[in-house]
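A short write-up of the structure that comes next.
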Amino acid sequence: MNTELKIKVGILGATGSVGQKFISLLENHPWFEITEITASEKSAGKKYKETVNWVLSNPIPKSISEKIIKKCKPNLDCKIVFSGLDSSVAGEIEKDFAQNGYIVISNSRNHRMDKDVPLLIPEVNPDHLNIINNQKYNGGVIVTNPNCSTIGLTMALKPLMDNFGIESLNVVTMQAISGGGISLMQSDSYIDNVIPFISGEEDKMETEPLKILGNFNSDKIENADFPISAQCNRVNVFDGHTECVQVKLKKKVSSEKIIKAWQNFKAEPQFLDLPSAPVNPIHYFVDENLPQPKLQKDIDKGMAVSIGRLREDKLFDYKFVVLSHNTIRGAAGGSILCAELMYAQSLIK
Ligand code: NAP
């Protein structure tokens, strides 16, 4: 696509952990071009390179480094806004943009459980996009990306749900520092430490997968119905969330069949060959010391989920380990894939 034909996008919260990942991933994107960047009042009016605490190993793209950060007001020259806003302000700002005709794709928790807002993982519930027809945002739309740990977990659950049914689930997470935003990265509280609390996270993990795995029935989403118990911990890893999962299935099934279901899993983004889609959404590793954040988080552009250590469990049926990149698959990359799916379905013109 010619540069002039690319769809103009803005980044809300461009200075944050997720905002920086958007800027990095959208450099040279075939369909989208960043025309606007915004952040809080304290950053607005300043050049990006002079304000941002850039934490990524690749340099700030040239097209962005001199750009002036704007306020989060719906007067931007773009069609889509990707939001990496702090959840204390995201709710109202995102609604304001939608009401002014923008397509908002959000990473914040605020609108995720609204009944007319899709909580979208393109490989898992692409049909839930239909719910946007119920939105009354004056031409605009809000689509949300799930919580970063929810995405990895739910991608692993989707083939199990479809093939064998899920009775109940327990998950314990070990979540990376970059998931706590720039303020956590600037502190030293995580060094030589495990923090056994992440505000709001356990509730998100116990509810979001049920909406995502729910059925879209004519004009509403009917949530899946099984109990989830979650415990969430912050660990001293820069990127990549690891989750230890125990699951009880509705059907008795061999571990070989479960692994095959994961390995054969492909969906809409792969069939449509979307630019950010992983070739294989799920990679299963047989080595008993895998997956590891250091080795597997970047697999398939950081967009795939790695699974390993599937074995029988004395309390549930099976247990296994899931790993996914929290700021790519779990945030910016996942949101870009949502926009690509919407573009491919002519929901963005
Ligand atoms: P972050 O590093 O703290 O960044 C927050 C961003 O919000 C910054 O750009 C900040 O701008 C901006 N902001 C703060 N207050 C504002 C205000 N009053 N008006 C306008 N902008 C304001 O947080 P993050 O980790 O990137 O997370 C962003 C969102 O994504 C959160 O809702 C988070 O829960 C969610 N999320 C994060 C991850 C992850 O892995 N990090 C994954 C999934 C979802 P200034 O720099 O000017 O303050």
### Per-pair calculated FRET efficiency, R0 = 25 Å: Glu41 and Ser199 via Cβ, rounded to 0.05
0.55
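Give me the accessible area per residue for segment 106-222, probe 1.4 Å, as a whole number in Å².
Values: 4510 Å² over 117 residues.
Result: 39 Å² per residue.
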### Message
At 7 Å along Cα-to-Cβ for each site, give me the label-to-label distance between Glu167 and Arg311 in nm.
### Response
2.1 nm
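Can you send over the carbon and sulfur percentage of the accessible area for segment 148-325, probe radius 1.4 Å, protein chains only? The partial results should precede the final answer.
Details: 4000 of 8260 Å².
Carbon and sulfur atoms account for 48 percent of the accessible area of segment 148-325.
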### Query
Among rounded, prolate and oblate, which fits segment 148-325 when a ≥ b ≥ c are the square roots of the eigenvalues of its C-alpha gyration tensor, a/c under 1.5 means rounded, and a/b larger than b/c means prolate?
rounded
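Give me the net charge for the shell around Lys49: Cβ to Cβ below 13 angstrom, other residues only, Lys and Arg +1, Asp and Glu -1. Don't skip to the end; give the middle numbers.
Details: positive: Lys46, Lys47, Lys62, Lys67; negative: Glu50, Glu66.
Local net charge: +2.
With the convex hull built on the Cα atoms of the chain, state its orientation-averaged projected area in nm². Write down the numbers at each step before the final one.
Values: hull surface 66.8 nm².
Orientation-averaged projected area of the Cα hull: 16.7 nm².
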#### Entry: Centre separation in Å (Cα based) which lies between segment 258-334 and segment 101-174
17 Å
### Query
Which residues' amide hydrogens lie under 5 Å from the amide hydrogen of Ser168, considering only partners 5 or more residues apart or on another chain, with H built in the peptide plane?
Lys248
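Among the helices of the chain (complete DSSP H runs), which have Cα atoms covering no less than 24 Å along the helix axis and a Kyte-Doolittle mean of at least 0.0?
On the way: long enough: 148-164 (25 Å, 0.69).
For the chain, where a helix must reach 24 Å along its axis and average at least 0.0, the hits are 148-164.
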### Message
Place a point 7 Å from the Cα of Asn215 along the Cα-to-Cβ direction; which residues of segment 127-162 have their backbone N under 19 Å from it?
### Response
127-131, 158-162
### Task
State which entries of Lys95/Lys220; Lys95/Lys294; Lys6/Lys136; Lys8/Lys297; Lys6/Lys95; Lys42/Lys266 exceed 32 angstrom in Cα-Cα distance in the structure shown.
Lys95/Lys294; Lys42/Lys266
### Amide H within-cut-off set for Lys67, under 5 Å, with H built and near neighbours excluded
Tyr48, Lys49
### Query
Which of these, Ser335, Ser306, Ser24, has the largest mean-square fluctuation under a Gaussian network model of the chain (Cα springs below 10 Å)?
Ser24
### Query
Cα to Cα, under 18 Å, and not fewer than 8 places away if on the same chain: which lysines meet these conditions relative to Lys49?
Lys21, Lys62, Lys67, Lys70, Lys71
### Query
When the Karplus curve 6.51 cos²θ - 1.76 cosθ + 1.60 is applied with θ = phi - 60°, which whole-Hz ³J(HN,Hα) does each residue of segment 173-187 get, with x for Gly and Pro?
9, 10, 9, 6, 5, 4, x, x, x, 4, 5, 5, 5, 7, 8
### Query
Long-range amide H contacts for Gly240: which residues qualify at under 5 Å (H placed 1.01 Å from N, peptide plane, sequence gap of 5 or more or a different chain)?
Ala176, Asn326, Thr327
### Task
Order Thr35, Thr154, most accessible first, counting only protein heavy atoms with a 1.4 angstrom probe.
Thr35, Thr154
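Among the DSSP beta bridges whose two residues both lie in segment 148-325, what percent are antiparallel, rounded to the nearest 5? Write out the running numbers ahead of the final one.
Numbers: 25 of 36 bridges.
The answer is about 70 percent antiparallel.
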### Task
Pull up the DSSP beta bridges for the chain and report the antiparallel fraction as a percent, rounded to 5.
45 percent
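The values are calculated or read from the model by the stated rules, or taken from the named source; none is laboratory data. Please read these numbers as outputs of a predicted model, since none were measured by experiment. Counting neighbours? That spans all protein chains shown, and the Cβs are built from the backbone with ideal geometry, glycine included. Note: areas computed on protein heavy atoms with side chains; ligands, DNA, RNA excluded. Shrake-Rupley method; radii C 1.70, N 1.55, O 1.52, S 1.80 Å.
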